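Here is the structure we will look at, set down as structure tokens.
The values are calculated or read from the model by the stated rules, or taken from the named source; none is laboratory data. Fair warning: this is a prediction, and the values are worked out from it, not measured in the lab. Positions of Cβ are backbone-derived with ideal geometry, glycine not excepted, and every protein chain shown enters the neighbour counts.
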Amino acid sequence: MKILITGCAGFIGSNLAKRILQEGHEVIGLDNFSYGFKRNIADLPEDHFQFIEGDVRDAHIFDDLEFDAIVHLASFKIPRYTNALQTLEDNHEMTKNVIDACLKKDAKLIFSSTSDVYGKNPDLPFSEESNLVLGPTTVKRWAYASSKIFSEQHIIANNDEHGLKYTIVRFFGSYGPHQNLSWWGGPQSVFITKAFKDETIELHGDGKQTRTFTFIEDTVDALYRCIVDPKADNDIFNIGSFASSEISIHDLALLIWRLVNGKDATPRLKTIPYETFGKYEDVRRRLPDISKIQQTLGYEPKVSLEEGLKRAIEWQKPLID
């Protein structure tokens, strides 16, 4: 297969490209380096890898390319510090362009959605059939989830009307080598840097909110199965780790501090009220039900949180100023 990856120089995209090439397929990588890095794709073999520096918002960028599938990972994320309008408009424009490209080329679309679409639903764990419960539209934090929900609906409607072949995946807390070192990459990457620098780790809210984290090799394994297995066609899958790996953000910070500085090290932690971010809402618990992808595609997470964090720490250490 020839697979085009948008956001290929980013965290998931670069790791996925490596796996696809190892499996003997070809990759076309597309990225504008807004959040990706050339270092992430520097070691990919050139004989089956073509890279294009460009923007998914340019609909014509796909015109002269041939591919069997697009894995659409490029995205504008939660607008906590940034522009909700850009989040909504960019995510819609990019998704529309990849849908149109897939229809023109008769290619499959693998779309990266997010666990954020489940919002504040109190019924846990979240299955693919769970209700999507967002907060008020006056809180811009929900713009990202709204953009992904609209994209999912847009993709499914194009399947109904035009026969678009698709798989939608909802990621739960991926982390590991090539993760972005800012909050864009998640709390773990920020906490690792703080621990190495012996700086105070700031916990948003009370730190008791919980998440499950998925090591990138497991994320990529699940994603690869969604690309190549026809049983994944025209369906939605959670990609996450076991529910038993659920951890509070406070305990995540403690674990990272001790992995970096030793088990007897005294961590420096500080809680930051949500009011600091303006009108903001958080999700108290985010817990995936992964039974569907286990039963349908044979996916099983293999890397424990502690082992995955050790590997992430070793990768991140030389990048810290």
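Exactly one of these conditions fails for E202: (1) farther than 30 Å from A107 by Cα; (2) outside any strand (DSSP E or B); (3) of a type outside the set (A, V, I, L, M). Give me its number.
With respect to (1) farther than 30 Å from A107 by Cα; (2) outside any strand (DSSP E or B); (3) of a type outside the set (A, V, I, L, M), E202 is out only on (2).
Considering the range 229-246 alone, what residues qualify as being buried (at least 17 other Cβ atoms within 10 Å of the Cβ) and either in contact (Cβ under 8 Å) with a residue 60 or more places away in the chain or in contact with a helix residue (DSSP H, G or I) (Cβ under 7 Å, 6 or more places away or on another chain) (or both)?
Scanning the range 229-246 gives A232, I236, F237, N238, I239, G240, S241, S245.
Here is a list of conditions, (1) part of a helix (DSSP H, G or I); (2) polar (S, T, N, Q); (3) modelled with pLDDT of 95 or more; (4) surrounded by fewer than 23 Cβ atoms within 10 Å (Cβ to Cβ), and Q86 meets all of them except one; can you say which number that is?
It fails just one condition, (3).
So in the range 115-140, with the set limited to residues that are at pLDDT 95 or above and either of a type in the set (A, V, I, L, M) or under 15 Å from I155 (Cα atoms) (or both), which one is surrounded by the most Cβ atoms within 10 Å (Cβ to Cβ)?
Of everything passing the filter in the range 115-140, V117 is surrounded by the most Cβ atoms within 10 Å (Cβ to Cβ).
Can you report the number of residues in the range 130-176 which are touching a strand residue (DSSP E or B) at 6+ places or on another chain (Cβ under 6 Å), of a type in the set (V, I, T) and not in a helix (DSSP H, G or I)?
4
Quick check on my filter: what residues within the range 203-217 are among the acidic types (D, E) and farther than 15 Å from V283 by Cβ?
E217
Report yes if some residue within the range 46-63 is crowded, with 16+ Cβ neighbours inside 10 Å, touching a residue at least 40 places away in the same chain (Cβ under 8 Å), of a type in the set (D, E) and closer than 28 Å to A143 by Cβ; otherwise report no.
No: zero hits.
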